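The block underneath contains the structure these notes are about, expressed in structure tokens.
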Amino acid sequence: MVGADRLATAVAGLRGQLSDSAQAASATTSVATSAIADPAGSAVDVAHRTSPGGRAAMADANASDALDVSGPPEAVRAVEVAAAGDHYLLLVGHPGAGCRRYATLLHQLRPALTDEEALEVAAVQSVTGCLGPDTSLALTAPFIAPHHSMSMPALVGGGSGVTRPGAMTQAHRGVLFLNDVSEFRADQLEAVRCAVDDGEVRVARRDGVFRYPARFQLVLAAAPCPCRQPEQDCSCSPHARRRFLARITGPLLDRVDLRVRLRPPDDSAPGTSAPEVGSNLRTRVSAARTRAAQRWAEHRGSTNADVPATTFTHAEFRLPRLTTAPLDQALENGAMSGRGWVRALRVAWTLADLAGLVRPGRDEITEALEFRDRRPS
Ligand SMILES: [Zn+2]
């Protein structure tokens, strides 16, 4: 599997594996691997680079990206934590606050795809007709930004005639960026929630149920109020803001670990803290991911976001009650769900990895809780 230079060879091998696993799975389950047209059309922004180089070129390509790390320190910090632990991120800001820029920064900070991931992405691209016969393996993870006007088949998969994977599958092993998330319909957000929980989407058709992979890092962005004007022009009442943002609360938001409110650029008070340097940021993220990957190697995980929740109950990783007290209290008084408790714990481990600590302490737990407590309003 490793070392396939030409994508056609790699995909052919992967197709064989998919075919085998599909046969072994269920009679009602099939995996579409025929070349078909791009289902999403112009409603999706796609950023995905390819290059004829190999693994070394991947690292070079990532390292040569110029990172724009200007802006409020808390926003850059949230992106750093998200990149280090594969955590989901919510950005709330007025137009011009830079939501898309921070989503792009997160994408740039993600590591190169592993060989296995690159083959999975290539298989998806072959199904969506995005591959030519001479296309080389993708260097970087996909970045997919579906528009809220997108149809359900374009988002989830399906469509008339040949069944096609949707935007969520195109984002597999990459970033799914939902800009203006308050404009998405409830059924669209529920579909995203299902994919987040299952790591795949299922499309029921007359000839069977099609399953497509959909493991992506979710980034949501929203304006804080209905007027969508720059902050200085906004006169929305607090009540109007709360009603507006209520659209994105609920089950999907409960799965978002990091929430940050972006201040407008003029309010960022340059000079109040040392400017972040892109290379430093990349180095810290890479080191943190390496620590997590080494720690979880024997526990069916590679990042703090994907290691099984039961791992945290092992004596080796269980934290003292004194350390987790702020989290426990939030759970007991109903401010946090059980799922939120675990997700905040995952963030705390990422904060520890970024700080070079063996395990999270009270400070990391408190910061993780603060990230979740930052309500959009
Ligand atoms: Zn407003």
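Only the coordinates and a few stated rules stand behind these numbers; no lab work does. This structure is a prediction, so every number in the text was calculated from the model and none was measured. Note that each Cβ is placed from the backbone with ideal geometry, even for glycine, and that neighbours are counted across all protein chains shown.
Numbers below:
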quantity	calculated
Ranked by how many other beta carbons lie within 10 Å on average, peptides 115-124, 175-184, 66-75 from highest	175-184, 115-124, 66-75
The range 67-80 - phi-based ³J(HN,Hα) in whole Hz, Karplus 6.51/-1.76/1.60, Gly and Pro as x	8, 8, 10, 6, x, x, x, 5, 6, 5, 4, 4, 5, 4
Kirkwood Rh, Cα atoms: Rg over Rh of the range 316-377	0.96
The range 94-133-the range 336-377 distance, computed between alpha-carbon centres (Å)	26
Antiparallel bridges, percent of DSSP beta bridges restricted to the range 149-235 (to nearest 5)	65
